[in-house]
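The values are calculated or read from the model by the stated rules, or taken from the named source; none is laboratory data. Computed from a predicted model, the values in this text were never measured in an experiment. Quick reminder, even Gly has a Cβ in these numbers, built from the backbone with ideal geometry, and neighbours come from all protein chains shown. Quick note on the areas: whole protein, heavy atoms, side chains included, nothing else; ligands and nucleic acids left out. Shrake-Rupley method; radii C 1.70, N 1.55, O 1.52, S 1.80 Å.
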Amino acid sequence: MAEPRPTTLRQRLAELRGPDVAPHPLDARALAALAANPGCGRRALLDGAGVDKTALAAALGSPAPFGQSQFAFMRGNAFEARVKADGGTELMRLLHERMGAGSPAPVPGEVRVPDLSAAGPEGRAARTALALREATAAGAGAWTLLVHPLLALEVAGSPAYLEPDAVVVHPDGRWTVVEIKSFPMIDSSADASKVGAAARQAAVYVLALERVADRVTGARVDHSVLLVCPRDFSNLPTASVVDVRKQRSVTRRQLTRLTRIEDIAATLPEGTSFDLERCSPAELTAAVDSVTAAYAPECLAACELAFHCRGRARSAGAVEALGRGVRGELGGLTTVGAVLAAARGETVPGTADDDPTVVALRRAAALRAEALESVPEGTVAVCR
């Protein structure tokens, strides 16, 4: 007799991941990317189950050719260690200079740096919450620096544990997220796309921190974060204040739209598994394709499975491969073949001939044909 299926979400996710496989941690960068594409059940399920998407993409034959180099990783770690050296003296100086108006300057050696070590992620998250509560209760004159605290945030019905670089508790009870990045600020300005990515990541930390602050008297979370980067081309730190209210609002709204993981898992065929050690490439491909995806070209910069999803979208002729803007303009026409058929004047099943999208496509095709007929024979088009 077959064994009964697991009855709890944790057991079900372990079954999908592989009973002997440790879950891959879900960090804030991945969570920000997930929130940017809430309609993708594939990413929600794989992230919730803790599947290593980088290894999965390689097993599917579509490895993601991006990621941080070993040199950049080492440089980033060295810079972060420098910023936090001597009990965070330089970090606290920068924070007070940019965001500490009205509070006494932190005295080197007197900043509290509590030990946040504990057993397991649940223990570390509880220890972090206790340290935040104690720091807030310490009152006027006390600065506290929490290095790599652990915060919990529920995502699609499953807990995610997040680890910001640092959180500072001000004497007035404010909590500020600190993000340390290795990209440079040149003349007090950094690459806008990198700052935007850091802001989206920090917004996730702010949301998680607010969950803790709701249970602590006198606590309030800053909606501006301190971004610390190397100054110009040196290894000396500088900082700027980044307002993440917009990113926080968008991320919170998108996370609430995520389909709960247990609902996605309930739709999977019996025996579906993403166990990289036991499943063949064909079985993994079938398992991945059994979960609905919402591919867009933006996924190429944020998701390890994007190249697999792009290949599937292209082979199916899906208009999603052309971008969200194009997809939105085409309405009920979901394939490139259907779009071309509508433009040629053919009847598309499920779409009326007077559909505004069909009318616009046929008008565009007529204008194109008219323009081509007016070009003298033998004319060579020159593209600049």
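Table for the structure above
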| quantity | calculated |
| --- | --- |
| Matching entry among Pro114, Pro108 (being within 19 Å of Leu146 (Cβ to Cβ), modelled with pLDDT under 90 and out of contact with any Gly (no Cβ under 6 Å at 6 or more places or on another chain)) | Pro108 |
| Neighbours by Cβ (under 9 Å, 6+ apart or cross-chain): first from the range 103-115, on the phi < 0 side of the Ramachandran plot; second open to solvent by 90 Å² or more (accessible area, probe 1.4 Å) and part of a loop (DSSP other than H, G, I, E, B) | Ser103/Ala140; Pro104/Ala140 |
| Residue within the range 85-98 that is open to solvent by 10 Å² or more (accessible area, probe 1.4 Å) and not in a helix (DSSP H, G or I) present | no |
| Gly76, sole failed condition from (1) without any contact (Cβ under 8 Å) to a residue 40 or more places away in the chain; (2) over 18 Å from Thr176 (Cα atoms); (3) within 28 Å of the chain's Cα centre (by Cα) | (1) |
| Search result, residues across the range 189-236 that are farther than 13 Å from Val177 by Cβ and polar (S, T, N, Q) | Ser189, Ser193, Thr217, Ser234, Asn235 |
| Filter pass, Ala219 being at pLDDT 90 or above, closer than 30 Å to Val83 by Cα, touching a Gly at 6+ places or on another chain (Cβ under 8 Å) and of a type in the set (A, V, I, L, M) | yes |
| Of all residues in the range 213-245 being under 27 Å from Asn77 (Cβ atoms) and of a type in the set (Gly, Ala, Ser), the one that is farthest from the chain's Cα centre (by Cα) | Ser234 |
| Subset of the range 330-348 (residues that are assigned to a loop (DSSP other than H, G, I, E, B), open to solvent by 50 Å² or more (accessible area, probe 1.4 Å) and within 13 Å of Val319 (Cβ to Cβ)) | Gly332, Thr334 |
| Number of positions in the range 227-256 that are under 20 Å from Glu154 (Cα atoms) and touching a Pro at 6+ places or on another chain (Cβ under 8 Å) | 2 |
| Test for Ala2: is it touching a Phe, Trp or Tyr at 6+ places or on another chain (Cβ under 7 Å) and either at pLDDT below 90 or within 30 Å of Gly323 (Cα to Cα) (or both) | no |
| All positions within the range 349-360 that are part of a helix (DSSP H, G or I), open to solvent by 30 Å² or more (accessible area, probe 1.4 Å) and in contact (Cβ under 8 Å) with a residue 24 or more places away in the chain | Pro356 |
| Hey, Ala129 within 30 Å of Gln11 (Cα to Cα), in contact (Cβ under 8 Å) with a residue 24 or more places away in the chain and part of a helix (DSSP H, G or I) or not | yes |
| Candidates Val348, Val319, Val359, Val339, filtered to the one that is under 30 Å from Leu31 (Cβ atoms) and β-branched (Val, Ile, Thr) | Val319 |
| Matching strands (runs of 3 or more DSSP E) fully within the range 163-265 where at least 3 residues are open to solvent by 10 Å² or more (accessible area, probe 1.4 Å) | 237-243 |
| Qualifying positions in the range 17-54 - open to solvent by 40 Å² or more (accessible area, probe 1.4 Å) and either in contact with a Gly (Cβ under 6 Å, 6 or more places away or on another chain) or not in a loop (DSSP other than H, G, I, E, B) (or both) | Pro23, His24, Arg29, Ala36, Thr54 |
| Of all residues in the range 283-311 being over 17 Å from Asp52 (Cβ atoms) and not in a helix (DSSP H, G or I), the one that is least open to solvent (accessible area, probe 1.4 Å) | Ala296 |
| Hits in the range 136-162 - residues which are open to solvent by 10 Å² or more (accessible area, probe 1.4 Å), within 16 Å of Val212 (Cβ to Cβ), in contact with a Pro (Cβ under 7 Å, 6 or more places away or on another chain) and aliphatic (A, V, I, L, M) | Leu150, Ala152 |
| Only listed residue being in contact with a helix residue (DSSP H, G or I) (Cβ under 9 Å, 6 or more places away or on another chain), open to solvent by 50 Å² or more (accessible area, probe 1.4 Å) and in contact (Cβ under 8 Å) with a residue 12 or more places away in the chain, chosen from Arg314, Arg324 | Arg324 |
